[in-house]
1. Tell me which residues, restricted to the range 19-30, are under 9 Å from the mean Cα position of the chain (by Cα) and exposed (fewer than 15 other Cβ atoms within 10 Å of the Cβ).
2. State which residue is surrounded by the fewest Cβ atoms within 10 Å (Cβ to Cβ) when the search covers only the range 1-13 and only residues that are in contact with a strand residue (DSSP E or B) (Cβ under 8 Å, 6 or more places away or on another chain) and under 14 Å from S69 (Cβ atoms).
3. Tell me the residue from N16, N33 that is closer than 16 Å to A5 by Cβ, loosely packed, with under 13 Cβ neighbours inside 10 Å and not charged (D, E, K, R), please.
4. Would you mind telling me which numbered condition in (1) among the acidic types (D, E); (2) loosely packed, with under 10 Cβ neighbours inside 10 Å; (3) assigned to a helix (DSSP H, G or I) E71 fails?
5. Can you pull out every residue in the range 30-75 that is at positive phi and modelled with pLDDT of 95 or more?
6. Which members of the range 34-75 meet the condition of being among the charged types (D, E, K, R) and under 17 Å from I24 (Cβ atoms)?
7. Could you please give the count of residues in the range 1-52 that are touching a residue at least 40 places away in the same chain (Cβ under 8 Å), outside any helix (DSSP H, G or I) and not β-branched (V, I, T)?
8. Right, E51: charged (D, E, K, R), within 15 Å of A11 (Cα to Cα) and over 9 Å from the mean Cα position of the chain (by Cα) or not?
Amino acid sequence: MANAAYKVREAFKKENKPLTAFQIKEVTNLKANEVSMALCYLKKQRYVTRELIPHVGMGRKNVFLYTYSLEKLPK
C-alpha cells in the first residue's frame, strides 16, 4: 500500500490522458482500495479533478473520469 499515490501519479504521466479508477487499477496493479485512497489523497491535495461520465458496458451507469495536473489546481 505504500507508494500507491506515487504509482498513480506515474500512471497518469505515462498514459498522458484522463483515466478511470479501473484503468488506473489495470496499469498500476494495485488493489481497488489502494487506488481509491490514492485518488482521494491526490484530489484533496488538488492535483486531480474528476467528472462523471456514462459507463459503457455492464455494471455501474456512471463512473468518474480523473484528470491529473502537474501543478496544484486553484481552490
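1. The answer is F22, and nothing else.
2. Only one residue fits best here, namely K13.
3. Details: N16 fails: closer than 16 Å to A5 by Cβ.
Only one candidate passes the filter, namely N33.
4. In the conditions (1) among the acidic types (D, E); (2) loosely packed, with under 10 Cβ neighbours inside 10 Å; (3) assigned to a helix (DSSP H, G or I), E71 misses (3) alone.
5. Scanning the range 30-75 gives a single hit, R46.
6. Of the residues in the range 34-75, the ones among the charged types (D, E, K, R) are 34, 43-44, 46, 50-51, 60-61, 71-72, 75.
Residues satisfying the conditions are E34, K43, K44, R50, E51, R60.
7. Residues in the range 1-52 being touching a residue at least 40 places away in the same chain (Cβ under 8 Å), outside any helix (DSSP H, G or I) and not β-branched (V, I, T): 2 in total.
8. no
The values are calculated or read from the model by the stated rules, or taken from the named source; none is laboratory data. Only a predicted model underlies this, so the values are computations on that prediction, with no experimental measurement involved. Reconstructed Cβ throughout: ideal geometry from the backbone, glycine too, with neighbour counts over all protein chains shown.
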